[in-house]
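Read through the structure below, which is laid out as structure tokens, and then see the notes.
The values are calculated or read from the model by the stated rules, or taken from the named source; none is laboratory data. What you are looking at is a predicted structure, and each value in this text was computed from that prediction instead of being measured. Virtual Cβ from ideal backbone geometry, glycine too; neighbours counted across all protein chains shown. Ligands, DNA and RNA are stripped out before the accessible areas are found, and what is left, the full protein with its side chains, is counted by its heavy atoms. Shrake-Rupley method; radii C 1.70, N 1.55, O 1.52, S 1.80 Å.
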Amino acid sequence: MIVQACINGARAADFHPSLPLDAHAMAQDGAASIAAGAAELHVHARGADRQESLAPEAMDRTIQALRRACPGTLIGVSTGAWIEKDDRRTLAAIAGWHDLPDYASVNLSEAAAPEVMEALRDRGVGIEAGLASIGDALRLASLDHGGRVLRVLIEISEQTLEEAFAVAEGIQKVLDRAGIHRSILLHGENATVWPFVERAAARKLSTRVGLEDGKDLPDGTVADGNAALVAAAIGIYRAR
């Protein structure tokens, strides 16, 4: 079990005053999150304009800074289709990375997911298979990638807790039926962040927290930043 820190995501600059939007800020924030107890980092690289980017120059700059600040820490990135807005650009960017992340998340809801997974595998980059629906889980099960991913990321966006838990349960049942027995990282978003941290801890699964997923602490107050969110999650796991 681990707590992963997802430090920025696709959030806009006005989401939180401590949101890290350049390589230097991500490195500092990543180091603070590791010091607070996070085992790994998940980041969305940003270009010079602070917008999300998979371009080699943005990715290399980000990975280099994080490696210097957080030696020995596993670093993951997003490959979301919205970042480059073109599947060919996404694949070309991955092919051009020089400083490689340890793993990258791939959303199974996206049309080019199989091609992106192959491109990552060709580069020796591990794959987090992102599943947000039962349909995503069925798609993963239909691919030979199902048993060859680093881990499965069950990421739930539904904001009604009963519905969110039902989707998560449905995904896990599909994985079990398909015989996909990979490490699972379970997390919610916004209103469901902390219920899913509690659920993950109770089931001895990994989870993640950070400004990508939400800015509030369990008591509803706004966290100072990612390190505070990580510390709160670590506290929940230690209380089990």
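Remarks
- Diffusion coefficient (Stokes-Einstein, Kirkwood radius over C-alpha pairs, 20 °C, 1.002 mPa s) for segment 1-134: 144 µm²/s, rounded to a whole number.
- What segment 97-211 shows is 40 Å² of accessible area per residue, with the surface traced by a 1.4 Å probe over protein heavy atoms.
- Surface composition of the chain: carbon plus sulfur atoms hold 52% of the accessible area, using a 1.4 angstrom probe and ignoring ligands, DNA and RNA.
- The dipole here belongs to segment 87-240: it is taken about the Cα centre, uses +1 on the Cβ of Lys and Arg and -1 on the Cβ of Asp and Glu, and is about 580 debye.
- Selection among Ile234, Ser206, Ala166 by position relative to the dipole of segment 163-240 gives Ser206 as farthest towards the positive end (Cβ unit charges, Cα centre).
- Restricting segment 56-102 to trypsin sites (Lys or Arg not before Pro) that sit in a DSSP loop and have at most 15 other Cβ atoms within 10 Å of their own Cβ leaves Lys85.
- Partners of Lys85 within straight-line reach, counting aspartates and glutamates whose Cα lies under 18 Å from its Cα and excluding those fewer than 8 residues away in the same chain: Asp49, Glu52, Glu57, Glu110, Glu115.
- For Gly126, residues with placed amide H under 5 Å, excluding near neighbours: Tyr103, Ala104
- Straight-distance crosslink candidates among lysines, where the alpha carbon sits under 25 Å from Lys215 and sequence neighbours closer than 8 are dropped: Lys204
- Evaluated with a Cβ-only charge set (Lys, Arg +1; Asp, Glu -1), segment 1-90 carries a dipole of roughly 120 debye about its Cα centre, given to the nearest 20.
- Gain on full extension, evaluated as 0.36 nm per residue between Asp99 and Glu57 minus their Cα-Cα distance, stands at 14.2 nm.
- Calculated FRET efficiency for the pair Ala92/Arg68, C-beta based, R₀ 35 Å, to 0.05: 0.85
- Rg over Rh for segment 189-240 works out to 0.92, using Cα positions for both radii and the Kirkwood form for Rh.
- Using θ = phi - 60° and Karplus 6.51 cos²θ - 1.76 cosθ + 1.60, couplings along segment 221-235 (whole Hz; Gly, Pro as x): 7, 6, 5, 5, x, 4, 4, 5, 5, 4, 4, 5, 5, 4, x
- Exposure of Ile75 as accessible area (Å², to 10), given a probe of 1.4 Å and all protein chains: 0 Å²
- Length released on extending from Asp14 to Lys204, taking residue separation times 0.36 nm less the Cα-Cα span: 64.9 nm
- Evaluated over segment 110-240, the Cα radius of gyration and Dmax, each in Å: 15.3, 44
- Peptides ranked, highest mean first, by Cβ atoms within 10 Å: ranges 123-129, 44-50, 100-106: 100-106, 123-129, 44-50
- Scaling against 2.2 N^0.38 Å puts the C-alpha radius of gyration of segment 93-132 at 1.09.
- Phi to ³J(HN,Hα) by Karplus 6.51 cos²θ - 1.76 cosθ + 1.60 over segment 175-185, Hz, x for Gly, Pro: 4, 5, 5, 7, x, 8, 10, 10, 4, 10, 10
- Range of Cα positions in the chain per principal axis (Å), largest first: 42, 42, 30
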